[in-house]
Amino acid sequence: MKWTLIRTKVLAALAACLVVGVGGILALMYYSFARNSRALAAESVTGAQKLFTILETREISKMTAVSETLIMNPQVGDALAARDRSRLIELTAPLYPKLKKEGITNWMFHTPDPDMAVFLRLHNPAKFGDHLNRFMDKEAARTHAMVAGNELAKAGFAVRILRPVYDAHGGLAGYVEFGEEIGQFIHAMKRQTGDDYGLLLSKKFVDRQFWADSSAVWQRRDNWDDNANFVVADKTTDNDSIIQFQGEVAAVPAQGKVLEWFHEGDSAFVRGIFPIRDAAGNTVGAMFVVRDISGFYLAMRHTRNVLVLVTAVALALGIFLVLTLLNRLVFRRLEHIIVVATRVVGGDYESEIRVESDDEVGQFEQLFEQFRLVFVDLMAHVPELQEK
Amino acid sequence: MSQLYDLKVLIENKIKADGLDAMAVKGKIGLRSGRTLALISPSTPDDPDAVAKLRQAAKEVLNINA
């Protein structure tokens, strides 16, 4: 194959068109996939954030209703006012397993402010008398009204309500607190959406020793060193590798953030994250969302393959047609002119150029035939040839 | 006899010996050398440049060392 030939150059140009065409399709499909997967990830983050807020609101309502029912019983207020722990246990302990079954894992009574020590933990009755000094405690003491929100404490990260309890005379007997582990939210979210979730806690708000102790109590692996800035408090998948986030939890924007899409085996996933704030407004954690987009990915890949195949076939057919046309209209006729010209120079004055059409090559054929006739006439008058 | 004419005879003999298409081969040599072989006669004066070109053309087309 000679690069000086027009045929070779045209073939190269058409092959380049084929490559550019297929490359363009691939680039377009990749762009489309990246855009759509990003939209899916954004939808996952927004959807998960809304679902989390709905669950949070629903559970706060539930705990508010439970607390409302509880404080209507004057015996509870009186027992708390009298610091009668046994009586309080007698009144409330039978209810705790039922509430626990409904997700309320933490139930505490506090003494009134300013002391506000833990008077009774229904979930751990042997432990009491300590001071928690949390934002919610201070808010409840300041307002003497119900305070609700997320609070990261030694017992874990939970959505809580804390409200005052009054005795039969209307005096402040203390406070009652209910809490639900946020970790259990993600399992409910997984059941509803099918997506995977991970609850991340910023290390700034978690005590290292507490994490090691609680890991031992819950018989879970101490994963403190898995990530630089956060610990994974709970997750809906056994696969640790899909939860990957390098940044600071506190830097995650309020509306959430789409991270990226990635492959794992034949599956494709998109990742996103949104912050979780405590009652004081600190970003203490984040919810990591992983959506399996394998179905979408496979459909896009199938479309891409079909498009590439159709484009390649169409361009190959186009190349074949262009080359056939060029061969018939140009190359073959030029080759004939070359053969005739060569033979005429070689002494075959009878060879003629066939003028096949009136196109550009036909005009050249006509011109060359006229030139040939002049040449033959000229040769006929050369004395050396006349002698022969 | 000129060198050009000797070359022409050599070329014609080779074409005859190999049974080649005389017009096509002579045409190729003519186009490459810039000389029409039919116009070379025993009395054609030698031109070193023309001889060299014809010799080169004969080598390229017929692979003969004249």
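The values are calculated or read from the model by the stated rules, or taken from the named source; none is laboratory data. On a predicted model such as this, the values are computed, not experimentally measured, just so you know. Cβ: placed from backbone, ideal geometry, glycine included. Neighbour counts: every protein chain shown. Only protein heavy atoms, including side chains, enter the accessible area calculation; ligands, DNA and RNA are left aside. Shrake-Rupley method; radii C 1.70, N 1.55, O 1.52, S 1.80 Å.
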### Positions within segment A:346-377 being part of a helix (DSSP H, G or I), modelled with pLDDT of 90 or more and closer than 26 Å to B:Ile40 by Cβ, in sequence order
A:Phe368, A:Phe371, A:Arg372, A:Leu373, A:Val374
### Message
Tell me whether segment A:280-303 contains one or more residues that are part of a helix (DSSP H, G or I), over 14 Å from the mean Cα position of the chain (by Cα) and modelled with pLDDT under 85.
### Response
yes
### Message
Quick check on my filter: what residues within segment A:79-94 are in a helix (DSSP H, G or I) and not basic (Lys, Arg)?
### Response
A:Ala79, A:Leu80, A:Ala81, A:Ser86, A:Leu88, A:Ile89, A:Glu90, A:Leu91, A:Thr92, A:Ala93, A:Pro94
### Query
Restricting to segment A:162-174, what's the tally of residues that are crowded, with 24+ Cβ neighbours inside 10 Å and more than 12 Å from A:Asp78 (Cα to Cα)?
1
### Query
Residues in segment A:192-213: is at least one surrounded by fewer than 17 Cβ atoms within 10 Å (Cβ to Cβ), under 20 Å from A:Ala48 (Cβ atoms) and not β-branched (Val, Ile, Thr)?
yes
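Sort through A:Leu14, A:Leu55, A:Leu18, A:Leu26 and tell me the only one that's of a type in the set (A, V, I, L, M), assigned to a helix (DSSP H, G or I), in contact (Cβ under 8 Å) with a residue 12 or more places away in the chain and closer than 30 Å to A:Ile276 by Cα.
A:Leu55
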#### Entry: Residues satisfying the stated conditions in segment A:234-253, i.e. among the aliphatic types (A, V, I, L, M) and open to solvent by less than 70 Å² (accessible area, probe 1.4 Å)
A:Ile242, A:Ile243, A:Val249, A:Ala250, A:Val252
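What do you reckon, is B:Leu20 modelled with pLDDT of 90 or more, surrounded by fewer than 15 Cβ atoms within 10 Å (Cβ to Cβ) and out of contact with any Ser or Thr (no Cβ under 9 Å at 6 or more places or on another chain)?
Criteria met by B:Leu20.
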### Task
Could you run through segment A:168-215 and say how many residues are touching a residue at least 24 places away in the same chain (Cβ under 8 Å), polar (S, T, N, Q) and assigned to a helix (DSSP H, G or I)?
4
### Task
State whether one or more residues within segment A:308-330 are in contact with an Asp or Glu (Cβ under 6 Å, 6 or more places away or on another chain) and modelled with pLDDT under 90.
no
### Query
Which residue out of A:Gly285, A:Gly265, A:Gly281 is at negative phi and among the small types (Gly, Ala, Ser)?
A:Gly285
### Task
Taking A:Gly174 as the residue in question, decide whether it is over 26 Å from the mean Cα position of the chain (by Cα) and at positive phi.
yes
#### Entry: helices (runs of 4 or more DSSP H) enclosed by chain B - at least 3 residues per element that are at the interface with chain A (Cβ under 10 Å from one of its Cβ atoms) and on the phi < 0 side of the Ramachandran plot
B:22-33
### Query
How many of the residues in segment A:333-388 are of a type in the set (Lys, Arg), more than 10 Å from chain B (Cβ to nearest Cβ) and open to solvent by 20 Å² or more (accessible area, probe 1.4 Å)?
1
### Task
Go through A:Gly265, A:Gly256, A:Gly347 for me and flag whichever is over 30 Å from A:Leu18 (Cα atoms) and touching a strand residue (DSSP E or B) at 6+ places or on another chain (Cβ under 8 Å).
A:Gly256
### Task
Answer yes if at least one residue in segment A:264-276 is more than 23 Å from A:Ser37 (Cα to Cα) and open to solvent by 70 Å² or more (accessible area, probe 1.4 Å), and no otherwise.
no
